[in-house]
Amino acid sequence: MNSWDAPPQPVGKPQWRFPPPSEWPESDLLSVGADLQPATVIDAYRRGVFPMGIPEEPDLLSWWSPDPRGILPLDGLRVTRSMRQSAKRFEVRVDTCFTRVMRGCADPSRGGNWITGVFIDAYTRLHELGWAHSVEVFDRSGQLAGGLYGVRIEGLFAGESMFHLARDASKVALMALVDLMRSSGMTLLDVQWNSEHLASLGAISIPRRVYLAHLANAVGTIAPAHQRSAE
């Protein structure tokens, strides 16, 4: 069994309580505070929430649930002839250099400066526990040319970020991710906020309430928990 298919290790119960959707504001930003412990982060993703740092305030941990939400339907990825040709020039691997991929995504020159060392440490820990995964693309000389990372929970893959050092490398990583998800019977690829680039690859925007319904099908409904509130 490879790392993609191996069941993740338990993370325990979170000590924080995220507000239910009925109490969410209309804005994408839901709350600030809490922590990046594995139990906190996995519970958040199960509820349709994800953490992100704010570059202007690096010590402020914020939690988001965009409305509308970007997803990429697994049968909707647009694979061009150019992308297929590019795929022949690369080798795809999974979970062989997770932290290197995160550092590639964190390059400030590509807008990844919110991925601080705190986030890299937290998601590397999730990777070690079997919850976070990377899809890596190597060129013919064996150099890392691009990749992506995110969190897998049952039928959900929550894509966090991707990068490329060679043309089409991140697109090849995305093609490989979709193939992995389809072969594993997964159903939901979350891309958080849609963008012109992602839309060109087949991503769509859906209302937050619709996303939460898809999420419930992908990971199961979470019973209410009695925990401290993240302010």
I'd like the residue in the range 36-82 that is assigned to a loop (DSSP other than H, G, I, E, B) and among the β-branched types (Val, Ile, Thr) and, out of all such residues, is modelled with the highest pLDDT.
VAL49
Restricting to the range 195-218, name every residue that is out of contact with any Leu (no Cβ under 9 Å at 6 or more places or on another chain) and in a loop (DSSP other than H, G, I, E, B).
SER195, PRO207
With VAL79, VAL49, VAL32 as the choices, which residue is crowded, with 16+ Cβ neighbours inside 10 Å and β-branched (Val, Ile, Thr)?
VAL49
Among all residue pairs at least 6 apart or on different chains, which show Cβ distances below 8 Å where the first residue, located in the range 8-35, is outside any strand (DSSP E or B) and the second is among the acidic types (Asp, Glu) and modelled with pLDDT under 95?
GLY33/GLU231
If a residue must be within 16 Å of the chain's Cα centre (by Cα), in contact (Cβ under 8 Å) with a residue 40 or more places away in the chain and buried (at least 20 other Cβ atoms within 10 Å of the Cβ), how many such residues does the range 160-192 contain?
17
Closer than 24 Å to ILE120 by Cβ and touching a His at 6+ places or on another chain (Cβ under 8 Å): is that true of SER3 in this structure?
yes
Flagged in the range 102-118 as part of a helix (DSSP H, G or I), surrounded by fewer than 20 Cβ atoms within 10 Å (Cβ to Cβ) and not small (Gly, Ala, Ser), in numbering order, are ARG103, PRO108, ARG110, VAL118
When you scan the range 69-91, do you find a residue that is closer than 15 Å to LEU174 by Cβ, of a type in the set (S, T, N, Q) and out of contact with any helix residue (DSSP H, G or I) (no Cβ under 7 Å at 6 or more places or on another chain), even just one?
yes
Pairs, first closer than 13 Å to LEU148 by Cα in the range 105-133, second at pLDDT 95 or above and surrounded by fewer than 20 Cβ atoms within 10 Å (Cβ to Cβ), C-beta under 6 Å, six or more apart:
HIS133/ASP95
Given the criteria surrounded by 15 or more Cβ atoms within 10 Å (Cβ to Cβ), modelled with pLDDT of 95 or more, under 18 Å from TYR123 (Cα atoms) and under 20 Å from the mean Cα position of the chain (by Cα), does GLN9 qualify?
no
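The values are calculated or read from the model by the stated rules, or taken from the named source; none is laboratory data. Source: prediction; values computed, not measured. Backbone-built Cβ (ideal geometry, glycine too); neighbour counts: all protein chains shown.
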